[in-house]
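First the structure, in the form of structure tokens, and then the observations on it.
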Amino acid sequence: QVQLVESGGGLVQAGGSLRLSCAASGRIFTNYAMGWFRQGPGKERQFVAAISWSDGSTYYADSVKGRFTISRDNVKNTMYLQMNSLKPEDTAVYYCALDWTRYLSSRKDDYRYWGQGTQVTVSS
């Protein structure tokens, strides 16, 4: 079993910043990746960013490049998403997920475990 616990969501004004955290625990093997997805009102869940635990390589959706930064703490098995220059269109429930594939993926079906989601609301 793998458990993912998220924290850090909240309400901010446009242009502000938030940092999301996701801690993984349980039976976790050496090679895996973690990612962030988000789902806004009336929209499907979409990819935000991913990071490899083997080499730290990252992959970002075009909509967040230059504004969001994904990082990891290998010892704590914790992933972070630093979100800067937030826009109202960033408003969504943000989910963390764990993927067993060796390659970074933007497909939600590739991720086996999911967190509970945390609400991020950006006001104009």
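Here are the numbers for the structure shown:
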quantity	calculated
For residue 36: the one exception among (1) surrounded by 21 or more Cβ atoms within 10 Å (Cβ to Cβ); (2) on the phi > 0 side of the Ramachandran plot	(2)
Scan of the stretch 86-109 for residues that are closer than 19 Å to residue 27 by Cβ, open to solvent by 40 Å² or more (accessible area, probe 1.4 Å) and either touching a helix residue (DSSP H, G or I) at 6+ places or on another chain (Cβ under 7 Å) or free of Cβ contacts under 8 Å to residues at least 60 places away in the same chain (or both), ordered by number	101
Count of residues meeting criterion [free of Cβ contacts under 8 Å to residues at least 60 places away in the same chain, touching a strand residue (DSSP E or B) at 6+ places or on another chain (Cβ under 6 Å), of a type outside the set (Phe, Trp, Tyr) and closer than 23 Å to residue 16 by Cβ] in the stretch 65-85	5
Enumeration of residues in the stretch 110-123 that are closer than 22 Å to residue 30 by Cβ and either open to solvent by 40 Å² or more (accessible area, probe 1.4 Å) or free of Cβ contacts under 8 Å to residues at least 24 places away in the same chain (or both)	110, 112, 113, 114
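Quick grid of which residues meet (1) open to solvent by 40 Å² or more (accessible area, probe 1.4 Å); (2) not polar (S, T, N, Q):
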site: 5; (1), (2): yes, yes
site: 21; (1), (2): no, no
site: 58; (1), (2): yes, no
site: 68; (1), (2): no, yes
site: 82; (1), (2): yes, no
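The values are calculated or read from the model by the stated rules, or taken from the named source; none is laboratory data. Since the model is a prediction, treat every value here as computed from it, not as a measurement. Neighbour counts run over all protein chains shown; Cβ positions are idealised from the backbone, glycine included. The accessibility values were calculated without ligands, DNA or RNA, using every heavy atom of the protein model including side chains. Shrake-Rupley method; radii C 1.70, N 1.55, O 1.52, S 1.80 Å.
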